[in-house]
Amino acid sequence: MKSKLGVNIDHVATLRNARGENHPVLLKAAKEVIKYGADSITIHVREDQRHVKKKDAIKLMQNIKKPINLEMAPTIDMTNFAIKLSPKYVCIVPEKRQEITTEGGLKLSQKNLKKIIKKLQKYKIEVSLFINPNIKDIQNSHKLGANAIEIHTGSFANALKKKNKKKIIIEFNKIRKCRLECDKTKMKFNLGHGLDFQSTKYLKKIKNINEYNIGHFIIGESLFDGFSKVIKKFKRIIN
Ligand code: PXP
């Protein structure tokens, strides 16, 4: 199975918003990353629209041909927005106003989740759930009717950055076991958060990854090496 690379461009919007003007242009970044091999564009429209705004999402949908993966909190407002936007994929993520980035996976027991998933699917949007690497969450995602899950790889990636050998193995095995559990279902298996070249390479030991979703490292590294080199390198790593 050929794995895909989803590029999260939120941090281009963060840089643009720092000056309150329109540079760097988000649409240009999306077109560039696609040119060099991104298979989809991921954007997180937060409730406070602090990086990507709703109007950015609309513009991207109108102007790029590759699929958009909209990350969103499970709220009525965002569900209605997603239906209007009609991206190919939605990834439901937990959202806390004060957090710097998405700190953990979804709590699958929360009310309305099943209803929101059903509603989005009724409008032909594939729904993925961003979950922590544990078997129960795979089983519950399946029960909720998700089309895909995305495993929060933050703990694994951090362990690798800190060279904490024991934790690397523990966290890697959690993800590997989730892959095996997911094999019992038809859900697609995606990975994302905190990934860089090294952690992505390590995760390649796990087979049948549908998509890697990578943002911060790609945008940061591209300041030095450019989108072309960085994205092509990721594509080589994942396949
Ligand atoms: N996947 C999901 C669901 C996320 O929320 C994020 C962060 O916005 C990412 C992937 C990308 O994480 P990073 O920016 O650390 O690569």
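The values are calculated or read from the model by the stated rules, or taken from the named source; none is laboratory data. Remember, predicted model here, so these are calculated numbers, not experimental data. Here the Cβ is made from the backbone with ideal geometry for all residues, glycine too, and neighbour counts use every protein chain on show. Keep in mind that these areas ignore ligands, DNA and RNA; they rest on the heavy atoms of the full protein, side chains included. Shrake-Rupley method; radii C 1.70, N 1.55, O 1.52, S 1.80 Å.
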Quickly run through the stretch 130-155 and pick out the residues that are under 18 Å from residue 180 (Cβ atoms) and within 12 Å of the ligand (Cβ to nearest atom).
131, 132, 148, 149, 150, 151, 152, 153
Can you tell me how many residues within the stretch 147-178 are buried (at least 21 other Cβ atoms within 10 Å of the Cβ) and in contact with an Asp or Glu (Cβ under 6 Å, 6 or more places away or on another chain)?
1
Lone qualifier among 96, 107, 84 - being more than 16 Å from the ligand (Cβ to nearest atom) and charged (D, E, K, R):
84
Condition first: closer than 25 Å to residue 114 by Cα, of a type outside the set (A, V, I, L, M, F, W, C) and touching a Leu at 6+ places or on another chain (Cβ under 7 Å). Now tell me which residues in the stretch 31-74 satisfy that.
74
Please enumerate the residues belonging to the stretch 17-64 that are without any contact (Cβ under 8 Å) to a residue 12 or more places away in the chain and within 16 Å of the ligand (Cβ to nearest atom).
49
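Test of understanding: among 101, 79, which residue is more than 19 Å from residue 209 (Cα to Cα) and open to solvent by 60 Å² or more (accessible area, probe 1.4 Å)?
Working: 79 fails: open to solvent by 60 Å² or more (accessible area, probe 1.4 Å).
Step by step, each of 101, 79 is checked, and only 101 is more than 19 Å from residue 209 (Cα to Cα) and open to solvent by 60 Å² or more (accessible area, probe 1.4 Å).
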What's the total number of residues in the stretch 5-43 that are open to solvent by less than 60 Å² (accessible area, probe 1.4 Å) and in contact with a helix residue (DSSP H, G or I) (Cβ under 7 Å, 6 or more places away or on another chain)?
18
In the stretch 91-104, how many residues are under 15 Å from the mean Cα position of the chain (by Cα) and more than 19 Å from residue 79 (Cβ to Cβ)?
3
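Which residue is most open to solvent (accessible area, probe 1.4 Å), if the candidates are limited to the stretch 188-198 and must be in contact (Cβ under 8 Å) with a residue 40 or more places away in the chain, over 21 Å from residue 34 (Cβ atoms) and not in a strand (DSSP E or B)?
Going residue by residue through the stretch 188-198, those that are in contact (Cβ under 8 Å) with a residue 40 or more places away in the chain are 188-195, 197.
Among the residues that remain, those that are also over 21 Å from residue 34 (Cβ atoms) are: 189, 193-194.
From what is left, the residues that are not in a strand (DSSP E or B) are 193-194.
Details: 193: 49, 194: 33 Å².
Restricting to residues being in contact (Cβ under 8 Å) with a residue 40 or more places away in the chain, over 21 Å from residue 34 (Cβ atoms) and not in a strand (DSSP E or B), the top hit is 193.
The rows are residues; the columns are (1) under 29 Å from residue 119 (Cα atoms); (2) of a type in the set (Asp, Glu); (3) touching a Phe, Trp or Tyr at 6+ places or on another chain (Cβ under 7 Å).
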{"position": "155", "(1), (2), (3)": "no, no, no"}
{"position": "163", "(1), (2), (3)": "no, no, no"}
{"position": "171", "(1), (2), (3)": "no, yes, yes"}
{"position": "180", "(1), (2), (3)": "yes, no, no"}
{"position": "193", "(1), (2), (3)": "yes, no, no"}
{"position": "207", "(1), (2), (3)": "no, no, no"}
{"position": "215", "(1), (2), (3)": "yes, no, no"}
{"position": "223", "(1), (2), (3)": "no, no, no"}
Taking the stretch 199-239 on its own, how many of its residues are among the hydroxyl-bearing types (Ser, Thr, Tyr), surrounded by 22 or more Cβ atoms within 10 Å (Cβ to Cβ) and touching a residue at least 60 places away in the same chain (Cβ under 8 Å)?
1
Residues located in the stretch 199-237, provided they are within 13 Å of the ligand (Cβ to nearest atom), of a type outside the set (A, V, I, L, M) and part of a helix (DSSP H, G or I):
199, 200, 216, 217, 220, 221, 222, 234
Here is a check on your reading of the model: is residue 157 touching a residue at least 40 places away in the same chain (Cβ under 8 Å) and assigned to a loop (DSSP other than H, G, I, E, B)?
no
